[in-house]
1. For the range 39-67, give me each residue that is open to solvent by less than 30 Å² (accessible area, probe 1.4 Å) and touching a residue at least 12 places away in the same chain (Cβ under 8 Å).
2. Note down all Cβ pairs under 7 Å where the first residue falls in the range 73-85 and is without any contact (Cβ under 8 Å) to a residue 60 or more places away in the chain, the second is in a helix (DSSP H, G or I), and they're at least six residues apart or on different chains.
3. Take the residues in the range 26-81 that are hydroxyl-bearing (Ser, Thr, Tyr) and at pLDDT below 90; name whichever of them is nearest to the chain's Cα centre (by Cα).
4. Under 8 Å between Cβ atoms, at least 6 apart or on separate chains: pull out the pairs that start in the range 19-34 with a residue that is more than 14 Å from Gln57 (Cβ to Cβ) and end on any residue that is in a loop (DSSP other than H, G, I, E, B) and hydroxyl-bearing (Ser, Thr, Tyr).
5. Residue by residue through the range 1-25, note down the ones that are in contact with a Lys or Arg (Cβ under 9 Å, 6 or more places away or on another chain), open to solvent by 40 Å² or more (accessible area, probe 1.4 Å), modelled with pLDDT under 95 and outside any strand (DSSP E or B).
6. Which one is nearest to Ala24 (Cα to Cα) among residues in the range 68-87 that are among the aliphatic types (A, V, I, L, M) and open to solvent by less than 60 Å² (accessible area, probe 1.4 Å)?
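The values are calculated or read from the model by the stated rules, or taken from the named source; none is laboratory data. Everything quoted here is computed from the prediction, not taken from an experiment. Because the Cβ atoms are built from the backbone with ideal geometry, glycine has one as well, and the counts that use them run over all protein chains shown. Just so you know, the surface numbers come from the protein's heavy atoms only, side chains and all, with ligands and any DNA or RNA stripped out. Shrake-Rupley method; radii C 1.70, N 1.55, O 1.52, S 1.80 Å.
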Amino acid sequence: GGAPAAGAGAYRGVRATQEANRWAAEIKRDGRQIRLGLFDSTAEAARAYDRAALEFQGERAKLNFPADAERYAAENTLLRAEQARAA
């Protein structure tokens, strides 16, 4: 953790939705807004943003949970290995 657990605006890339208790994660890439999904908590949405930010921006990414960056990188490596095996 480390980032506040409050509502919309507390995390980068997270906004409230009109659907009760749901949070949207979004990121901009090449001038386009990319929806990453809907989540039950702001923290879940913030972590989805962090994973996308690391993938798109690498070490330059500004994360909601910078302490988790190493774990996200390890998850991405495992996911890519699984995708390569499945191809």
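1. Thr42, Ala43, Ala45, Ala46, Ala48, Tyr49, Asp50, Ala52, Ala53, Asn64, Phe65
2. Here the result reads Ala73/Leu54; Asn76/Glu55, each pair linking the range 73-85 to a residue that is in a helix (DSSP H, G or I).
3. Tyr72
4. Matching pairs, first to second residue: Trp23/Thr17; Trp23/Ser41; Ala24/Thr17.
5. The answer is Ala8, Gly9.
6. Of everything passing the filter in the range 68-87, Ala69 is nearest to Ala24 (Cα to Cα).
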